[in-house]
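A.B. asks: Quick one: this structure, given as structure tokens, is what I'll be asking you about.
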Amino acid sequence: MLRLLFLIPAILCLIWYLYLRHNGYTAAQGKQGFIYIFVFSAVIAAFYTLMLWLTHL
């Protein structure tokens, strides 16, 4: 499970990119959305890192 966590931002970015293309926007216009995706993914990664550290796995 943990080794597949890198797929979260990749899949979310792909979905966001497809949404932008479908609605006629450029990737540059959707830059803020990509930033939100990476911040969200970083929070998830930090949470899992903290949980691993706390449980000593």
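Only the coordinates and a few stated rules stand behind these numbers; no lab work does. On a predicted model such as this, the values are computed, not experimentally measured, just so you know. Please note: Cβ atoms are built from the backbone with ideal geometry, for glycine as well, and neighbour counts cover all protein chains shown.
A.B. asks: Could you work out how far helix 7-22 tilts from the main Cα principal axis of the chain, as a 0 to 90 degree angle to the nearest 10?
C.D. replies: Here the helix axis deviates by roughly 10 degrees.
A.B. asks: Can you quote the Å³ per residue value for the convex hull of the Cα atoms in the range 2-55, rounded to an integer? Let's see the in-between values first.
C.D. replies: Numbers: hull volume 3.0 nm³, N = 54.
Roughly 55 Å³ of hull volume per residue.
A.B. asks: Can you pull the one-decimal nm distance between simple spin-label points at Ala42 and Leu18, each 7 Å off the Cα toward Cβ?
C.D. replies: It is 2.7 nm.
A.B. asks: Also: Specify the angular offset, from 0 to 90 degrees and rounded to the nearest 10, of the alpha carbon long axis of helix 31-55 from the longest principal axis of the alpha carbons in the chain.
C.D. replies: Result, in degrees: 10.
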